[in-house]
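Below you'll find the structure, written out as structure tokens, and then a few comments.
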Amino acid sequence: GDDDEWVKYEYDIETQDLPDLGEGCKEKLVICSIAACNGRFYFNGGLDELGVLEFSPAPAFRSIAIRDAIELPFGCQKVFLVESGQELFMVSLTSLSDPNVIRGVLVHRMDFSRQEWREAGDIGGRAFLLAPWYFGASRPAAECGLEADCVYVAYAGTRRLLVFNVKDGTTTMQDLDGAPVSKLALWMLPT
């Protein structure tokens, strides 16, 4: 084939039951929370399984069973997969009921040799930039004037920025009074 052409692939990574909507109600699972790391795409990072998409050359799906699955506190969670320094991280934002009110931030590093998530005590002097419902990215903190080993979460419409320090476990909320109001939280990253 011609390398300049796009090819569309349909995929099916199963369905999930929706018992609250009635017996037999299901919805198709979609790929979300995706990150590229070491030539593979990892997606739907969970506590007990991690999806993998490889191109060899056709797309091939598989999953990694996570040993010794971690337990998150009760409540809602939003999970981001972030590649940083050729390592895969999972950042979990936890809340009691409202995903816009964060009660905790947990950062884990994937240990591929043991197939398990391990709590991260640092993120290599980098900064993780998260935009809820969109994506997570990693940047060298010093190059961006940000604090090393911190997770930054921008909130749309609130003019607020959550900063979580991975090393000491502290969380601060910064008001961004001078920022324009936006319905979308967004980060602009250099290429």
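The values are calculated or read from the model by the stated rules, or taken from the named source; none is laboratory data. As the structure is a prediction and not an experimental result, all values here were calculated from the model. Ideal geometry is used to build each Cβ from the backbone, glycine not excepted, and the neighbour counts take in all protein chains shown. Areas reflect the complete protein model, heavy atoms only, side chains present, ligands, DNA and RNA absent. Shrake-Rupley method; radii C 1.70, N 1.55, O 1.52, S 1.80 Å.
Below is a table of values for the structure above.
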| read-out | value |
| --- | --- |
| Verdict on S92 being under 20 Å from Q77 (Cα atoms), surrounded by 14 or more Cβ atoms within 10 Å (Cβ to Cβ) and at pLDDT below 90 | yes |
| Residues satisfying the stated conditions in the stretch 104-124, i.e. assigned to a loop (DSSP other than H, G, I, E, B) and exposed (fewer than 15 other Cβ atoms within 10 Å of the Cβ) | F112, S113, R114, Q115, G121, D122 |
| Looking only at the stretch 125-137, and only at residues there that are under 11 Å from the mean Cα position of the chain (by Cα) and open to solvent by less than 60 Å² (accessible area, probe 1.4 Å), the one that is modelled with the lowest pLDDT | P132 |
| Close pairs (8 angstrom Cβ cut-off, 6 or more residues apart or separate chains): within 20 Å of R62 (Cα to Cα) and of a type in the set (V, I, T) in the stretch 11-36, open to solvent by 100 Å² or more (accessible area, probe 1.4 Å) and modelled with pLDDT under 85 anywhere | T15/K28 |
| Tally of residues being surrounded by 15 or more Cβ atoms within 10 Å (Cβ to Cβ), under 21 Å from S138 (Cα atoms) and either of a type in the set (S, T, Y) or in contact (Cβ under 8 Å) with a residue 40 or more places away in the chain (or both) across the stretch 49-88 | 10 |
| Strands (runs of 3 or more DSSP E) (entirely within the stretch 7-92) containing at least 1 residues that are over 12 Å from M110 (Cα atoms) and under 19 Å from the mean Cα position of the chain (by Cα) | 35-37, 40-43, 49-55, 59-65, 76-84 |
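The rows are residues; the columns are (1) modelled with pLDDT of 80 or more; (2) among the β-branched types (V, I, T); (3) out of contact with any strand residue (DSSP E or B) (no Cβ under 7 Å at 6 or more places or on another chain); (4) at negative phi.
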| position | (1), (2), (3), (4) |
| --- | --- |
| E14 | no, no, yes, no |
| L18 | yes, no, no, yes |
| L21 | yes, no, yes, yes |
| G24 | yes, no, yes, no |
| F41 | yes, no, no, yes |
| G45 | no, no, no, yes |
| F55 | yes, no, yes, yes |
| I64 | yes, yes, no, yes |
